[in-house]
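Colleague: What follows is a single structure, and I will ask about it in a moment.
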Amino acid sequence: MSSVNSLRAHLLEELSDLLSAEQQLTDALPKMAKAATTQTLRKALGKHLKETREHATRLQDAMKLLGEVPGRKTCEAMAGLLEEGDAMMNSTPEGALRDAVMITAAQKVEHYEIASYGTVRTYALVLGERKVAKLLAKTLDEEKAADKKLTGIAEKSVNKAAAREWHEQRAEDGMLAKSAAWVGGKVGAAVRDVPQLVGRAAATLGVGDSDGRARGGAKKTRAARAARSADAAASETPGEREQPSKKKPAARKTTRAAKR
Ligand SMILES: [Fe+2]
């Protein structure tokens, strides 16, 4: 930022800042107009795009009247407002709600411009720059009119439509919640009946009792144990069971040693 050592220097600084703001808005408005759902809002944004181009031209004219050239400056405030508005717009589905969100963003922009043009017009007046003040006053009036137009669109249609969307969505969510609760209740009841049904089936097949306790598990365990024993017995050879006969030669050796 260049140094500001006089009200005139401050006026020039602010005019350069506004020129950057108008140029950024010129780039942003077509996208906003395209994203608008209602025809009224799209038209209003389209009209303000034309005015915004004129505002930039007027600022350059004001600079000429002052015998200056606009400084190379980026209006960070406008960049922030537009970035925030763009993020809000992109995260909102098409419909009245998105129009409401866009009007919020556009009115923040308008109020920033109204504050800025109001101050530069006053500085130009007190500095005796009447022609410059007149140019800036014209833009100020158009910014105020644009803001008023947006308020009118919001109050006449968009806000009510967005509220209606919310009521409809809430009613739909309520119906979905009721349906989910009904399905959940039915599934829960079916799951609770499962042990009883299994018990009855087991009793019918003779593998359980009528209280729902199936005995198949215990029976299976006993059967498996019996099968393992049978397998083990079948794998044994007859010789493996005749262990005592292997000790006889050792006893004969002892007898021969004793004779000697
Ligand atoms: Fe403007």
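The values are calculated or read from the model by the stated rules, or taken from the named source; none is laboratory data. In this text the structure is predicted, and so the values were computed from the model without any measurement. All Cβ positions, even for glycine, are placed from backbone atoms using ideal geometry, and neighbour counts span all protein chains on display.
Colleague: Could you tell me how many of the residues in region 161-176 are surrounded by 11 or more Cβ atoms within 10 Å (Cβ to Cβ) and without any contact (Cβ under 8 Å) to a residue 60 or more places away in the chain?
Modeller: Adding up the residues that qualify gives 2.
Colleague: T52 passes all but one of (1) under 15 Å from E143 (Cβ atoms); (2) more than 16 Å from the ligand (Cβ to nearest atom); (3) of a type in the set (S, T, N, Q); which number fails?
Modeller: Checking T52 against (1) under 15 Å from E143 (Cβ atoms); (2) more than 16 Å from the ligand (Cβ to nearest atom); (3) of a type in the set (S, T, N, Q), the one that fails is (2).
Colleague: Inspect all residues belonging to region 95-112 and state whether any of them is outside any helix (DSSP H, G or I) and among the acidic types (D, E).
Modeller: no
Colleague: Name the pairs: first residue in region 117-131 and in contact (Cβ under 8 Å) with a residue 24 or more places away in the chain, second residue among the β-branched types (V, I, T), Cβ to Cβ under 7 Å, at least 6 apart or on different chains?
Modeller: Listed by first residue and then by second, the contacts come to Y117/T139; A124/V132.
Colleague: Report whether or not A44 is assigned to a helix (DSSP H, G or I) and within 13 Å of E22 (Cβ to Cβ).
Modeller: Answer is no for this residue.
Colleague: Scanning region 66-84 for residues that are over 45 Å from the mean Cα position of the chain (by Cα) and surrounded by 14 or more Cβ atoms within 10 Å (Cβ to Cβ), which turns out nearest to V120 (Cα to Cα)?
Modeller: L66
Colleague: Could I ask something else about it? When the residues of region 123-174 are narrowed to those that are over 30 Å from M63 (Cα atoms) and among the small types (G, A, S), which ends up modelled with the lowest pLDDT?
Modeller: G174
Colleague: If you don't mind, there's one more thing I want to ask. Identify the single condition in (1) at pLDDT below 95; (2) of a type outside the set (S, T, Y); (3) surrounded by 14 or more Cβ atoms within 10 Å (Cβ to Cβ) that H55 does not satisfy, given that it satisfies every other one.
Modeller: Result: H55 fails condition (1) only.
Colleague: Further, regarding this structure: Tell me, yes or no, whether region 84-107 has at least one residue that is within 16 Å of the ligand (Cβ to nearest atom), more than 16 Å from A36 (Cβ to Cβ) and of a type in the set (D, E, K, R).
Modeller: no
Colleague: Exactly one of these conditions fails for P30: (1) exposed (fewer than 15 other Cβ atoms within 10 Å of the Cβ); (2) away from the ligand (no atom under 16 Å from the Cβ). Give me its number.
Modeller: Condition (2) is where P30 drops out.
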